[in-house]
Amino acid sequence: MNTADMLNYSIKSMRSRSLRSWLTIVGVVVGITAMVLLVGLVQGLKNDVESQLKGFGTNTIVIIPMDVSKVASYGSTQMVPSSGKLTELDYQRVKKAGSIDAITKILSGRFNMQFKNESITVSASGIEPENYGRIIGSSLEIDTGRFLVPSDHHALVLGYSIADSGFTKKPEVGSDIYVSGEKFKVVGILKKAGSANSLDSAVLMPFDDAKSLLGDSIGPNEISAIRILVKEGENVNETADQIESIMLSSHRKNEDNKDFSLVTAGYISSQIDQTTSLLSLFLGAIAGISLVVGAIGISNTMFMTVLERRQEIGLLKAIGMEEGEIERLFIAEAGVIGIAGGTLGLLLGALLIGVANLLGFPAQILPQIAIGAVVFSAIVGMAAGFIPSRQAARLDAIEALRYE
Amino acid sequence: MTGAKSASSKPQPAGKAAAMCTQAANSHEAAGTSLHTGNGKPVPPGMHEREILRLECVSKLYGSGESGVAAIRDMDFTIHNGELTSVLGPSGSGKSTLLHLMGLLDKPTTGKVYIAGTDTTSISDADQARLRGKMIGFVFQAFNLISSFTALENVELPLMIYDVPKEERRKKATAILERLQMGHRLNHLPSQLSGGERQRVAIARALINDPEIILADEPTGNLDSKTGEEVLKIIEDLHQEGRTIILVTHDESLVKVTEKVVRIRDGRLVKSEVLV
Ligand SMILES: Nc1ncnc2c1ncn2[C@@H]1O[C@H](COP(=O)(O)OP(=O)(O)OP(=O)(O)O)[C@@H](O)[C@H]1O
Ligand SMILES: [Mg+2]
């Protein structure tokens, strides 16, 4: 019997027991839907993170005054990460390291911002305009106005979402905004950078302005972070190691009690990979379990089908069908259940991914996942139907015909 | 099935049947001839010469030892091309078992079954399946139609197994069904057909591969007498066309259409007569 006839035969048989067939298919749908949805969510999360990392820059190193490796390894509450202070001195020393293309010190704080009669609290950063612009590079796109220049004084550049939705009346280039009571002029507004990109909520001002606003609330030479762009073609990790040792000697610390961290794209992505792969594993396990349940459902249905269709199997033998072919016929039927479940599961999964996107969860469905889901469910179906089909093929023709 | 409730079938130890086999095998020639001279009437000359099916000393035992049942014992006979033979016996006498052995659905415990000269006991299961598909058409008491297939598809099924193109098999199946006055029921499901109609479909299915032998096990058993007669008429017609048919029944009245009768009791050949 050729494949088309077998599939046709299977579908006819399934139709004649449609309720049970559908229930079995639903069992597979659940597993495949879960799989498609969960893989889609994890993929979406990864994409999101990747776009953020792109904003961060693969050649970028940021030094922050806190040992984040301790946070990561000891969990949140018990261990307070040892935090120190970064100073102007650190900045000057790191500046001398090799392979650096550009470097800026950053001074961040939370400020009260008032536009018209409305005031909000935002975190703003003081930067060295030329260096900062060079480090952030192409992801820093101006929508209107211009970026900061070294000669700027009391000037602001606003991220897209601050400008767009920070105030009820949208500030524009040339608007006056009062920051901690001091009058600043908006010189530029950034283009929308991406869904969760930190640049969108940035408020940037010249370093010296930030320093004077913060005044005594920080140490005399204190800075919040140092951002470095490694030269194109240089090894970021090697440069980071070099900077790390400069910092350790500058702070008179060692690996164990250090009070700062070097954050690189590689470091972030390895941290995130750890989280997402754990998430994938967890979600995958759930999807896997429901698929196993679906497969057991197929086996169960096939065992019942074989029992019910003993006479039919006897007849097939009587009209000359060989055992191997009978086996294939039933495996095809189990495969059809699998494919039906896989296809419907894929459609439902795609639908739910659409809903997730509407709700603001970035989820994605890749074509290879879609094809994989259907192929996989066909394989699961056929595997689940293997033993029942064997049983059908081995059935004694006489017994099978006698059965009434 | 009702085999076990027969009054006459006392289980016999398996050993006995086996022991008698050699004797029966030796008298094979005699048994073969007796078939043609059973009631003194000779077979019309030149009509049935080609041997198409031969049982040689066939026994079928179920179980073993004391509880073993010999369903068929030392069965020896020959069927020739074009014969319409009835196998007659009371319930439980082993008729169905015999039919299954002849149709290669079952394997004899001892002895040999020859189909068109081939010793079927020495070939593989797959070869047996192929031989069965090509040479033998079955008609069962319970029709055994596939409930999810239409009449036409049921008849096509044997050709489907052999990958005959759809067009061709559809044409062939339609022609056979039309011949059996079923042309107006081609696309009906078995559940939408009467018993007689179902059996016609089953007969059409048995015919579609143009088999050498048609084996019918109580084909009228589930039908009322009128429809039974109709089915019998079809069998007679097929015989007139020169088909080889073996009709298994416990119904003495069916014997009238056949030209040869093999009477069995307790799995043993009691008497075979030529009725022509
Ligand atoms: N699988 C089996 N195991 C044991 N005994 C069996 C088996 N199949 C058949 N028999 C026995 O073999 C004998 C012949 O059975 P068979 O079905 O051939 O009879 P039958 O002549 O066709 O009867 P009926 O007219 O009722 O259909 C019976 O005594 C039956 O009990
Ligand atoms: Mg019987």
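Per-residue SASA remark: B:E178, around 100 Å² accessible (1.4 Å probe; ligands, DNA and RNA not included).
Residues of the stretch B:104-144 that lose at least 10 Å² of accessible area (1.4 Å probe, protein heavy atoms only) when the other protein chains are present, relative to their chain alone, are B:L105, B:D106, B:D125, B:A126, B:A129, B:R130, B:R132, B:G133, B:F138, B:F140, B:A142, B:N144.
Only protein heavy atoms count here; on that basis, with a 1.4 Å probe, A:S83 has an accessible area of about 80 Å².
With all protein chains kept in place, the per residue accessible area of the stretch B:158-276 amounts to 44 square angstrom at a probe of 1.4 angstrom.
The residues of the stretch A:296-325 listed by number as losing at least 50 Å² of accessible area in the complex, against the isolated chain and with a 1.4 Å probe, are A:L315, A:A318, A:I319, A:G320, A:E322. Atom-type composition of the exposed protein surface of chain A places 58 percent of the accessible area on carbon and sulfur (1.4 angstrom probe). So which of A:K85/A:K253; A:K116/A:K169; A:K105/A:K258; A:K12/B:K171; A:K85/A:K105 end up more than 18 Å apart by C-alpha? In this structure, A:K105/A:K258; A:K12/B:K171 lie more than 18 Å apart at Cα. Within the listed set A:S280, A:S217, A:S377, the Gaussian network model of chain A (springs between alpha-carbon atoms below 10 Å) gives the highest mean-square fluctuation for A:S217. With contacts taken as Cα pairs under 8 Å at a separation of at least 6 residues, chain A carries a relative contact order of 29 percent. Interface between chains B and A: roughly 2300 Å² of accessible area buried, both sides summed (probe 1.4 Å, protein heavy atoms only). Sorting A:I272, A:I319 on solvent-accessible area from highest to lowest, probe radius 1.4 Å, gives A:I272, A:I319.
Partner aspartates and glutamates whose Cα lies under 16 Å from the Cα of A:K170, excluding those fewer than 8 positions away in the same chain, are identified as A:E118, A:D143, A:D200. Looking at the square roots a ≥ b ≥ c of the eigenvalues of the Cα gyration tensor of the stretch A:219-260, which shape do they give, rounded for a/c under 1.5, prolate if a/b is larger than b/c, or oblate? Here the stretch A:219-260 falls in the oblate category.
Since only A:L204, A:I298, A:Y160 are under comparison, the one whose Cα sits farthest along the positive direction of the charge dipole of chain A, derived from C-beta charges on Lys, Arg, Asp and Glu, is A:I298.
To the nearest 10, the accessible area of B:M135 is 30 Å² with a 1.4 Å probe.
Length gained on full extension, A:E232 to A:V293, computed as 0.36 nm times the residue gap minus the Cα-Cα distance: 16.7 nm.
With all protein chains in place and ligands, DNA and RNA left out, the 1.4 Å accessible area ranks A:T87, A:T275, A:T301 as A:T275, A:T87, A:T301, largest first. Listed by number, the DSSP H helices of chain A that run 30 Å or longer by alpha-carbon position along their axis and have mean Kyte hydropathy of at least 0.5 are A:18-56, A:265-308, A:323-358. Label positions at A:K170 and A:L281, each projected 7 Å from the Cα along the C-beta direction, are separated by 4.6 nm.
Expressed as a whole percent, the accessible area of the stretch B:79-171 that falls on carbon and sulfur atoms is 51 (1.4 Å probe). Shape call for the protein assembly as shown from the C-alpha gyration tensor, a ≥ b ≥ c root eigenvalues: rounded (a/c under 1.5), prolate (a/b greater than b/c) or oblate? Prolate. Between A:A363 and A:N357, the built amide H atoms are under 5 Å apart, and every one of these is 5 or more places off in sequence or on another chain. Computed with a 1.4 Å probe over protein heavy atoms only, the accessible surface of chain A comes to 48 Å² per residue.
Considering the options A:S377, A:M14, B:G267, tell which one lies farthest towards the positive end of the dipole of the protein assembly as shown, charges being +1 on Lys and Arg and -1 on Asp and Glu at the Cβ, about the Cα centre. Toward the positive end, the furthest listed residue is B:G267. Of A:Y132, A:Y160, the residue with the largest accessible area leads and the full order is A:Y160, A:Y132 (1.4 Å probe).
Which of rounded, prolate, oblate describes chain A, given a ≥ b ≥ c as roots of the alpha-carbon gyration tensor eigenvalues and a/c under 1.5 marking rounded, otherwise prolate only if a/b is larger than b/c? Taking the square roots of the gyration eigenvalues as a ≥ b ≥ c, chain A is prolate.
The values are calculated or read from the model by the stated rules, or taken from the named source; none is laboratory data. Please read all numbers here as calculations on a predicted model, not as lab measurements. Using ideal geometry, Cβ is built from the backbone for each residue, glycine included, and neighbour counts are taken over all protein chains shown. Just the protein is used for accessible areas: all its heavy atoms, side chains included, with ligands, DNA and RNA removed. Shrake-Rupley method; radii C 1.70, N 1.55, O 1.52, S 1.80 Å.
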